[in-house]
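Some notes on the structure that comes next.
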There are 2 protein chains.
Amino acid sequence: MRRVRIDLAYDGTDFAGWQLQARGRTIQGTVEEALSRLDGARLVRVHAAGRTDAGVHARGQVAHADVRTARGDAELGYALHRLLPPDVRPLALRTVRADFDARRDALGKCYVYRLDLSRYGDPLLRRYALHCARPLDLEAVSAALRLLPGRRDWSGFAAAGCAVSDRVRELRVAELVRRGLDEALFRFAADGFLTHMVRNLVGTLLEIGRGRLAVQRVHEILASGDRRLAGPTAPARGLCLERVAYADENEEVTEDGSGLGDGGRGLRR
Amino acid sequence: MRRVRIDLAYDGTDFAGWQLQARGRTIQGTVEEALSRLDGARLVRVHAAGRTDAGVHARGQVAHADVRTARGDAELGYALHRLLPPDVRPLALRTVRADFDARRDALGKCYVYRLDLSRYGDPLLRRYALHCARPLDLEAVSAALRLLPGRRDWSGFAAAGCAVSDRVRELRVAELVRRGLDEALFRFAADGFLTHMVRNLVGTLLEIGRGRLAVQRVHEILASGDRRLAGPTAPARGLCLERVAYADENEEVTEDGSGLGDGGRGLRR
């Protein structure tokens, strides 16, 4: 028996999210089924760093699993690649220390939320970006983004049903990156995120960009922790788990020392 | 009655190509149906600059149609945007001179073919790029690309069923552009293309990149006009009609004077 770390990318469009469910196609279920077939029909449990919601994509999800197979890492990775459907791809597979835990050992995560700013919406982006038909006041959005980084209680941006009691997280990066005339990306990096936190941040920032909420509202949401003051939850399809960072990797450290520099990955496309 | 020019983008994945067919969802049929509804249920014919194959995408297809509606261009464009499905998007709609012909007046076209060079294939690119699992010899591909530009007979790269008798075309641009570590784009600009010409060029270039054909083979195909010497037709999904150029536009002229400079469009994403 050995523990393997599996890095995964997936198109979340046709999945009911990461987590195994009684009904519905899930990423966890799909990966477990493939890995179980490769491990002598034994049930292999797969644990992810972040349980992404239905419709959310990943380009750098990390998971761990215990396997008995005699196959080496390269062979197992290749066999997994052959068995998985085209919307879930293994990026890497390697044996790690037996106590590696993809979720607990994660030092931080980076999410990207993609906006299609073209007039009528780019059909090639429709599964992976939110189309914002009307012009956004990007100055106001940037001003609001500057208020966000820091170690604080994020209750005001957590889902109503968020079961976690400690809602203090350190947001290290909150930025908007333009890509050409018709695209923009929100990037958020933190030591952890609450349920729906990124989508609630984006929903609020878009309301600010549309002039429906004032930049100041961010202060009020943070101070009060009142979810009702924030904007709606932005649709899942624009969101992508870009990267999970661990201590024992040879991380490129960003200028702010966050250790979540994406080495160009977040901006590759 | 007036003639309108409609610029279109589409995700070709779920279409049986541009051209109307007895069976199967087509882009022409979809646009004609929407435009007919907006023009008093009168049948409106829509003519495209290039009749893209099943599965081929477009980010800059151009079409023309004659309409009777009293709606102005902006209103008609917006109404069309509301009626069309999310995988076909109007980019612009404007009244043009009555004898404008999207196909005959086109001075040139630019196609892009996208390659996913990542190890296991990026699930977010699978509808829009061809995954090349094994490393390609990009030096050899570039050497072969340099042999292509010029005014010549392209019979060796035309589909077996190509019905056109004059197969002389001027290929103005043939290049490979790297994008990050895991992506590359072929770009081809010409005054016109024969059936399957881009996909046959790409199929041959990939065989050269895999070491299965010599760079010299390009000379032999061009000299003999023998399709059997070329590589297989590359899959449709990587191909995108990026732009159609007309004389009466205020074109940005590229350094080589081709008039097919893409103003950053081909490289925006």
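Within region A:1-23, the residues that satisfy the criterion of being farther than 18 Å from B:Pro123 by Cβ and not aliphatic (A, V, I, L, M) are A:Arg2, A:Arg3, A:Arg5, A:Gln19, A:Gln21, A:Arg23. Would a scan of region B:101-116 turn up a residue that is open to solvent by less than 20 Å² (accessible area, probe 1.4 Å), over 18 Å from the mean Cα position of the chain (by Cα), aliphatic (A, V, I, L, M) and within 14 Å of another protein chain (Cβ to nearest Cβ)? There is no residue in region B:101-116 that is open to solvent by less than 20 Å² (accessible area, probe 1.4 Å), over 18 Å from the mean Cα position of the chain (by Cα), aliphatic (A, V, I, L, M) and within 14 Å of another protein chain (Cβ to nearest Cβ). Which of the residues spanning region B:15-61 are open to solvent by 80 Å² or more (accessible area, probe 1.4 Å) and in contact (Cβ under 8 Å) with a residue 24 or more places away in the chain? Within region B:15-61, B:Gln19, B:Arg37, B:His47, B:Arg51 meet the criteria. On the given criteria, is B:Phe193 in a loop (DSSP other than H, G, I, E, B), away from chain A (no Cβ under 14 Å), touching a residue at least 60 places away in the same chain (Cβ under 8 Å) and buried (at least 19 other Cβ atoms within 10 Å of the Cβ)? In short, yes. Within region B:64-83, the set of residues being surrounded by fewer than 18 Cβ atoms within 10 Å (Cβ to Cβ), free of Cβ contacts under 8 Å to residues at least 60 places away in the same chain and in a helix (DSSP H, G or I) comprises B:Ala74, B:Glu75, B:Tyr78, B:Arg82, B:Leu83. If you go through region A:208-223 and keep only what is open to solvent by 70 Å² or more (accessible area, probe 1.4 Å) and either in contact (Cβ under 8 Å) with a residue 24 or more places away in the chain or not in a loop (DSSP other than H, G, I, E, B) (or both), you end up with A:Arg210, A:His219, A:Glu220, A:Ala223.
The conditions of being of a type in the set (Val, Ile, Thr) and touching a Cys at 6+ places or on another chain (Cβ under 8 Å) are not met by A:Val88. Are any of the residues in region B:122-130 surrounded by 20 or more Cβ atoms within 10 Å (Cβ to Cβ), closer than 25 Å to A:Pro86 by Cβ and without any contact (Cβ under 8 Å) to a residue 12 or more places away in the chain? Within region B:122-130 (the criterion being surrounded by 20 or more Cβ atoms within 10 Å (Cβ to Cβ), closer than 25 Å to A:Pro86 by Cβ and without any contact (Cβ under 8 Å) to a residue 12 or more places away in the chain), the answer is yes, since at least one residue qualifies.
Considering only residues that are in contact with a Gly (Cβ under 9 Å, 6 or more places away or on another chain), under 15 Å from B:Ala9 (Cα atoms) and not hydrophobic (A, V, I, L, M, F, W, C), which ones fall in region B:83-101?
B:Pro86, B:Asp87, B:Arg89, B:Pro90
For region B:141-148, state whether one or more residues are of a type outside the set (Asp, Glu), within 14 Å of another protein chain (Cβ to nearest Cβ), more than 17 Å from B:Asp226 (Cα to Cα) and more than 15 Å from the chain's Cα centre (by Cα). No: region B:141-148 contains no residue that is of a type outside the set (Asp, Glu), within 14 Å of another protein chain (Cβ to nearest Cβ), more than 17 Å from B:Asp226 (Cα to Cα) and more than 15 Å from the chain's Cα centre (by Cα). For B:Ala184, the test of being within 14 Å of chain A (Cβ to nearest Cβ), in a strand (DSSP E or B), out of contact with any helix residue (DSSP H, G or I) (no Cβ under 6 Å at 6 or more places or on another chain) and surrounded by fewer than 22 Cβ atoms within 10 Å (Cβ to Cβ) is passed. When A:Leu93 is evaluated against the numbered criteria (1) in a strand (DSSP E or B); (2) closer than 30 Å to A:Arg178 by Cα; (3) within 11 Å of chain B (Cβ to nearest Cβ); (4) not β-branched (Val, Ile, Thr), which criterion, by number, is the only one it fails? Among (1) in a strand (DSSP E or B); (2) closer than 30 Å to A:Arg178 by Cα; (3) within 11 Å of chain B (Cβ to nearest Cβ); (4) not β-branched (Val, Ile, Thr), the lone unmet condition for A:Leu93 is (2).
The sole residue among A:Leu205, A:Leu171 that is away from every other protein chain (no Cβ under 14 Å), free of Cβ contacts under 8 Å to residues at least 24 places away in the same chain and buried (at least 20 other Cβ atoms within 10 Å of the Cβ) is A:Leu171.
The condition (being among the charged types (D, E, K, R) and touching a strand residue (DSSP E or B) at 6+ places or on another chain (Cβ under 6 Å)) is satisfied by just one residue among B:Asp116, B:Asp99, B:Asp53: B:Asp116. Of all the residues in region B:108-149, those that are among the aliphatic types (A, V, I, L, M) and more than 26 Å from B:Gly12 (Cβ to Cβ) number 5. Entry remark, region B:39-50: residues being over 23 Å from B:Gly17 (Cα atoms) and touching a strand residue (DSSP E or B) at 6+ places or on another chain (Cβ under 8 Å) number 1 in total. Of everything listed in (1) free of Cβ contacts under 8 Å to residues at least 24 places away in the same chain; (2) away from chain B (no Cβ under 14 Å); (3) not in a helix (DSSP H, G or I), the single unmet condition for A:Ala133 is (2). Residues that are under 18 Å from the mean Cα position of the chain (by Cα), at negative phi and among the hydrophobic types (A, V, I, L, M, F, W, C) are absent from region A:216-223. Across region A:68-89, the number of residues qualifying as farther than 20 Å from A:Ile27 by Cβ, within 14 Å of chain B (Cβ to nearest Cβ) and aliphatic (A, V, I, L, M) comes to 1.
Checked against (1) in a strand (DSSP E or B); (2) out of contact with any helix residue (DSSP H, G or I) (no Cβ under 9 Å at 6 or more places or on another chain); (3) closer than 30 Å to A:Gly180 by Cβ, A:Tyr111 passes all but a single condition, namely (2). For region A:11-18, the criterion of being modelled with pLDDT of 95 or more, aromatic (Phe, Trp, Tyr) and within 23 Å of A:Glu75 (Cβ to Cβ) is satisfied by no residue at all. Listed conditions (1) modelled with pLDDT of 95 or more; (2) surrounded by fewer than 20 Cβ atoms within 10 Å (Cβ to Cβ) are all met by B:Phe157, apart from (2). If you go through region A:84-93 and keep only what is open to solvent by 30 Å² or more (accessible area, probe 1.4 Å) and at pLDDT 95 or above, you end up with just A:Pro85.
The values are calculated or read from the model by the stated rules, or taken from the named source; none is laboratory data. Keep in mind the model is a prediction, meaning the values are calculated, not measured. Glycine gets a Cβ as well: all are built from the backbone with ideal geometry, and neighbour counts include every protein chain shown. Heavy atoms of the whole protein, side chains included, go into the accessibility calculation; ligands, DNA and RNA do not. Shrake-Rupley method; radii C 1.70, N 1.55, O 1.52, S 1.80 Å.
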